[in-house]
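Below is one structure, written out as structure tokens; comments come after it.
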Amino acid sequence: MATKRDLRSLSTLLTPSTLFLGVFFLGPLAVMVIFSFLEPGIYGGVVWNFYHWNYGRILGWADGEWEDFDPVYIDIFLRSVRLALTNVGITLLVCYPAALWVSGLSVRWRTFVVFIITLPFFVSLVVRLFCWVLILRPSGFLSTSLMGLGIISEPIDIIYTETAVLIGMAYILLPFMFLPLYASIEKLDHSLLEASADLGANPFQTFWRVILPCTLPGIAAGAVLVFIPSLGNFIVPDLLGGAKVMMIGNLIEQQFLSARNWPFGSALSVMIMLVMFMLIVFYLRRIGRSEIVR
Amino acid sequence: MHAILKFAIAFASALIISQSAYAAGQLNVYNWGDYINPEVLTRFSEETGIEVSLDTYGTNEEMLAKIQSGATGYDIVFPSVHMRDIMQKLGLLHDAKVNTLNGFENIDPANMISKVDPESSFCLPYAWGAVGIFYNKEEAGELKTWDDFFALPDKGKKITMLDDLRETIGVALIKNGHSVNSTDGDALKQAEAWLLERKDKISAFSYDIVSLVQAGDIAAAHWYVGATLYTLEEPDKLGFVIPEEGATMYQEDICVLKDAPNKDSAIKFFEFYMQPEIAALNTLQQVNGTANAPARDLLPPELKANPNTNPPPEVVAKLQIFEDLGNDLRMYNRVWTKVRTAQ
């Protein structure tokens, strides 16, 4: 089908992005993979000796000298996965009804709402999270307003808890769930809903058997987009969790800074990348393809 | 529109003029955030005509990583003493012959604590201070010891410690009678167990607690003597104490980098900063200890007679400073990961 000319223009068009990805994505990635098999330098950096303990250590193996057997890193990883999945659930529950509602608005209002949802990106993340510290602390906005309204009598105390971390993560990642959901809900063919109603389905059945399956690609895309940054996040656990809720992102940050163990940090990063990669492959195979077929 | 254009032209030409007026030189400073009185830098520029640019970092490691990865253009850095020892060993520092410069006689020998440069030839001792407890008197009452501090959670009050493995493990080592530089496995295990016992009592490991202590959301926090800035503003409400059992201290030195493009400007800055009135000007805003002995006499009484910023010798004797641990840092890292992960 493709003529020579098509191929030529195609390669011209793809060259910049290929070069860009090669230099700025594959290059650093290769450095990371290589570092993960080397010995850590005393003051950061690496010593060019093959060193297999980095991966063993993730699973708890001890090198006998610096480490005892302890699967502490697996614990951290599992906790991160649990928090990231919870966060996917929260954002989905918040965004799905919101996206349904927005898709029913007039075009002008829809544009406005989508603009409002992307608005927080204009402000630095750290500043926004520090606002949450001020909101969630016992003498903060949330507690005082609820007490003022007489809803609670004692100040609520959720700063520096896992709840605070979940609130913060859901807050920063809501747009990543909302936008793909909204995109797939907006595309929904309304004649299908009419057909479903004509054939005697009640609203719940219509939702469960027509709307939900049709918007599954949006849900999956949103879930992947929220899950990945949740798993690697380290700013929210630090600021809102008071660094007491350690996630894999904190662990990696610690390896590159205070612990000065770049190879172990690299090994942890490679492990996360592999998990993410498998997730995305799964997504493309199962859901992505069905969307293309449709 | 016209006015804006005029303003822009005026602004641009002012920039060009000021640049040529400052042809005397350039000094690129790489320092911790908020760790020098901006007025010191302004005065330096006014007196010498050298233009100063300031970049900041948050941790020693961040600075080291940046310098190691080949960041060029910086002239002077402000590492902690153990980090400047590392940097000197790695050959990152220039021997500025600091101890031959005008004004070096003002530097207190007690602040020349580097292990690899005891004569202060490479770096100039800058400032130091204790790391103790910053507290809200309305919530915590008066505190004197670490035991008082750890008793607060039992009364329903919140406490926080620093998100820094050396500092927080350091407190545990001090409480168990060990050196904060101990590399003895048993001592570290003891410190780990001691911290794990108290993990539930510690609300957070954080630096960003000033506004929360001021509001009383946190009763007391493991924090730097720089908190004196706030305790002097509200002496009835806020307090700082160096605990009786002992505490850690920090000290930073100013060093010239090996690749510094403006070494002459750096030397001029050292001589400028060794003047007692300039060091005092800095201390006034930084509210910590200065290495410049005559400068201490120039300070106002609330700082000079302050047992925290200018502690008496018997208190200073109980302060321990971090040394470079080399590979043994991994043991500390292990303890820290365990403490932070424990549920």
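Using C-alpha pairs below 8 Å separated by at least 6 residues, the relative contact order for the stretch A:36-293 is 27 percent. Between A:269, A:191, A:17, the Gaussian network model of chain A with springs among Cα atoms under 10 angstrom shows the greatest mean-square fluctuation at A:17. Taking 0.36 nm per residue of sequence separation and removing the Cα-Cα distance, the residue A:9/residue A:101 pair yields an extension gain of 28.8 nm.
Compute a Gaussian network model of chain A, connecting alpha carbons closer than 10 Å, and tell me which residue from A:189, A:70, A:238 fluctuates the most. Highest fluctuation of the listed residues: A:189. Helices assigned as whole DSSP H runs in chain A whose Cα atoms extend at least 18 Å along their own long axis and whose mean Kyte-Doolittle hydropathy is 1.0 or higher are found at A:72-103, A:162-186, A:216-232, A:262-283. Between residue A:47 and residue B:43, the distance separating the two model label sites (each 7 Å from Cα on the Cα→Cβ line) works out to 4.8 nm. Based on the Cβ-Cβ distance of residue A:207 and residue B:66, what FRET efficiency does E = 1/(1 + (r/R0)^6) give at R0 = 51 Å, to the nearest 0.05? Once the sixth-power term is evaluated, E becomes 0.40.
Label the stretch B:240-343 by shape, choosing from rounded, prolate and oblate, from the square roots a ≥ b ≥ c of the eigenvalues of the Cα gyration tensor; if a/c is under 1.5 it is rounded, and otherwise prolate applies when a/b is larger than b/c, oblate when it is not. Here the stretch B:240-343 falls in the oblate category.
In the stretch A:169-194, whose amide N lies under 12 Å from the spot 7 Å out along Cα-to-Cβ of residue A:135? List them in ranges. Under 12 Å, as judged by backbone N against the label point of residue A:135, lie A:169-174 of the stretch A:169-194. What the Cβ-Cβ distance of residue B:314 and residue B:176 gives, at R0 = 30 Å and to the nearest 0.05, is a FRET efficiency of 0.85.
Among rounded, prolate and oblate, which fits chain B when a ≥ b ≥ c are the square roots of the eigenvalues of its C-alpha gyration tensor, a/c under 1.5 means rounded, and a/b larger than b/c means prolate? The shape class here is prolate. Simple point charges give the picture: +1 on the Cβ of Lys and Arg, -1 on the Cβ of Asp and Glu, and for the stretch A:36-293 a dipole about the Cα centre of about 720 debye. Quote the FRET efficiency, to the nearest 0.05, computed for residue B:108 versus residue B:284 with a Förster distance R0 of 22 Å and r equal to the Cβ-Cβ distance. For residue B:108 and residue B:284, the calculated efficiency is 0.80. Over chain A, DSSP H runs of length four or greater, each weighted -39,500 (n - 2.57), average out per residue to a 222 nm ellipticity of -21000 deg cm²/dmol. In whole angstrom, how far apart do the alpha carbon centroids of the stretch B:23-96 and the stretch A:216-289 sit? Rounded to whole Å, the Cα centres lie 34 Å apart. Couplings for the stretch B:280-285, taken from phi via the Karplus curve 6.51 cos²θ - 1.76 cosθ + 1.60 with θ = phi - 60°, read 5, 4, 5, 5, 4, 8 Hz in order; Gly and Pro are left as x.
Please work out whether the stretch A:36-293 counts as rounded, prolate or oblate from its C-alpha gyration tensor, where a ≥ b ≥ c are the square roots of the eigenvalues and a/c under 1.5 means rounded, while otherwise a/b larger than b/c means prolate and anything else oblate?
oblate
Inter-label distance, residue A:275 to residue A:186: 3.3 nm, where each label sits 7 Å from its Cα along the C-beta direction. Among the listed pairs B:97/B:318; B:137/B:201; B:144/B:199; B:144/B:318, those with a Cα-Cα distance over 24 Å are B:97/B:318.
No value in this document is a laboratory result; all are computed from the given coordinates. Keep in mind that this is a model prediction, so the values were computed, not measured. All Cβ positions, even for glycine, are placed from backbone atoms using ideal geometry, and neighbour counts span all protein chains on display.
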